[in-house]
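The values are calculated or read from the model by the stated rules, or taken from the named source; none is laboratory data. In this text the structure is predicted, and so the values were computed from the model without any measurement. Methodologically, a virtual Cβ is constructed for each residue, glycine included, from the backbone with ideal geometry; neighbour enumeration extends over all protein chains shown. Just the protein is used for accessible areas: all its heavy atoms, side chains included, with ligands, DNA and RNA removed. Shrake-Rupley method; radii C 1.70, N 1.55, O 1.52, S 1.80 Å.
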Amino acid sequence: MKRAILACAALLAATSLSFAAEAWKEAEVNGAKIYTDANGMTLYTYDKDKAGESNCTGKCATNWPPLKAEAGAKSEGEWTVVKRKDGTRMWSYDGHPLYTFAKDKKAGDTSGDGVGGVWHIAKAD
């Protein structure tokens, strides 16, 4: 019985970590290492956000969809889960909530970089 409980605990831990690992990935675009969502869509940060707090709501969130964190997702290292004002959860890297851009149509598009002077590609270190 004890082995079964330990096996279940290990499976749950591995599943939680897989939610994180599947939410984003590194990519190279125009010679720069950036972060993308699992589908290869560029991730962006928003200057009007505060550390660990998303300020992109309503129409902003329609144009800049948050990088959704699944229910079982757990923070790991610089990747943390942020609870939004509407109760949904999203991913944040190094304190910066992450978003895709509705006008990016295919993996590798970076048309959101610099929009309004407040949107920036999330670059990998």
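Do you know which of the residues in the stretch 86-98 that are touching a residue at least 40 places away in the same chain (Cβ under 8 Å) and surrounded by 21 or more Cβ atoms within 10 Å (Cβ to Cβ) is nearest to Glu28 (Cα to Cα)?
Out of the qualifying residues, it is Leu98.
Checking each residue in the stretch 59-85 for being within 21 Å of Lys25 (Cα to Cα) and of a type in the set (S, T, N, Q) picks out Ser75, Thr80.
If I filter the stretch 99-108 down to residues being more than 19 Å from Lys59 (Cβ to Cβ) and not small (Gly, Ala, Ser), which single residue comes out as most open to solvent (accessible area, probe 1.4 Å)?
Here is the first cut: in the stretch 99-108, the residues more than 19 Å from Lys59 (Cβ to Cβ) are 105-108.
Pick out the ones that are also not small (Gly, Ala, Ser) and you get 105-106.
On the way: Lys105: 158, Lys106: 126 Å².
Across the stretch 99-108, the extreme among qualifying residues is Lys105.
For the stretch 109-125, a residue qualifies if it is among the charged types (D, E, K, R) and open to solvent by less than 50 Å² (accessible area, probe 1.4 Å), and exactly one does: Asp109.
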